[in-house]
1. Of the residues in the stretch 225-251, how many are of a type outside the set (Ser, Thr, Tyr), modelled with pLDDT of 80 or more and closer than 16 Å to residue 207 by Cα?
2. Considering only residues that are in contact with an Asp or Glu (Cβ under 8 Å, 6 or more places away or on another chain) and at pLDDT 85 or above, which ones fall in the stretch 73-100?
3. Name the residue, out of 70, 23, 61, that is over 20 Å from residue 185 (Cβ atoms) and at pLDDT below 75.
4. Give the residues of the stretch 55-93 that are assigned to a helix (DSSP H, G or I), among the β-branched types (Val, Ile, Thr) and in contact (Cβ under 8 Å) with a residue 40 or more places away in the chain, sorted by residue number.
5. Working only within the stretch 209-224, note down all residues that are hydroxyl-bearing (Ser, Thr, Tyr) and at pLDDT below 85.
6. From 257, 235, grab the single residue that is assigned to a loop (DSSP other than H, G, I, E, B), among the hydrophobic types (A, V, I, L, M, F, W, C) and without any contact (Cβ under 8 Å) to a residue 24 or more places away in the chain.
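The values are calculated or read from the model by the stated rules, or taken from the named source; none is laboratory data. Bear in mind that the values here come from a model prediction, so they are computed numbers and not experimental data. Heads up, the Cβs are rebuilt from the backbone with ideal geometry, glycines too, and the neighbour counts pull from every protein chain shown.
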Amino acid sequence: MLDFLLSGDAIFALLTLTFLEIVLGIDNIIFISIIANKLPEKQRVKATNIGLLLAMVQRIVLLFFVSFLVGLKTPFLNIDLGWFTSSISWQALILFAGGLFLLYKSTSEIYEKVEMPEHDASSMKKKVLDTMGKALMQILIIDFIFSVDSILTAVGMTNGLSPNPNHALVIMIIAVVISIIIMIGFANPIRRFIERHPSMQVLGLAFLILIGFMLVAEAAHASQTEIFNQGIGVIPKGYLYFAISFSLFIEFLNFKIKRKSKVVN
């Protein structure tokens with residue numbers, strides 16, 4: 001286990017996944033803050049911290065559940081149409097459904113953030129809360145909704161890293177715990193940074209499109225799908241890591257250029 005965790009692939013996957021978990025958690029932080037702001041001021045920090053801890057526990061539980069389903073590789077349905085053949089297992093089904101969900105969710109989120117940036121926040125502000133219990137109940141529901149794309153992203157980033165599924169599960173749990181700890185300690189600074197640089201969140205959602213497509217391809221490969229006698233191979237994780245690293249590097253250059261232009265002006 002330790003040798004795997006110290007390998008280059010595992011470390012890169014952990015760093016990338018932790019970053020994505022933080023970016024994906026920004027909306028969660030914003031919505032939790034909106035809910036917490038409905039409470040008396042002395043309860044707001046407590047509600048925010050408890051809400052993020054609930055998110056961590058809920059995501060770890062979901063990780064175990066989804067990882068169990070992904071581990072079910074025995075086909076339960078065989079399809080042979082001549083030009084199309086496939087042996088569908090629960091693993092392939094979960095990967096395929098998760099990939100489609102990420103493609104839909106990321107595309108719709110990018111649209112809303114570009115075309116209707118105040119839509120989600122304004123709808124949340126209309127809800128009135130008067131007790132800590134009601135606030136935590138609503139936070140728990142929101143955590144569950146946001147946990148779905150977070151868990152699917154984790155599965156997409158770690159699937160196939162190791163023959164032992166427990167190795168991938170450990171990386172996912174570590175990434176979730178680290179991201180939640182960072183969000184608890186730096187929730188407000190992170191939120192303000194993303195608000196000043198919304199392109200970072202859009203970039204994170206764009207990464208989800210890549211991960212969603214990769215999950216669909218891996219589902220086709222896992223089910224041994226062939227279309228017109230052409231099989232579908234697995235997309236190497238290195239391609240994804242390179243795309244994410246290159247995009248972040250370009251974004252970093254943009255930050256530097258903007259800062260220099262502000263200083264000159």
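1. The number of residues fulfilling the criteria is 7.
2. Residues satisfying the conditions are 84, 85, 86.
3. 70
4. 60, 66, 70
5. Answer for the stretch 209-224, where residues must be hydroxyl-bearing (Ser, Thr, Tyr) and at pLDDT below 85: there is none.
6. It is 235.
So that you can scan it fast, the table gives a plain yes or no per residue for (1) under 21 Å from residue 18 (Cβ atoms); (2) of a type in the set (D, E, K, R); (3) in contact with a Lys or Arg (Cβ under 8 Å, 6 or more places away or on another chain):
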{"residue": "196", "(1), (2), (3)": "no, yes, no"}
{"residue": "228", "(1), (2), (3)": "no, no, no"}
{"residue": "241", "(1), (2), (3)": "yes, no, no"}
{"residue": "248", "(1), (2), (3)": "yes, no, no"}
{"residue": "262", "(1), (2), (3)": "no, yes, no"}
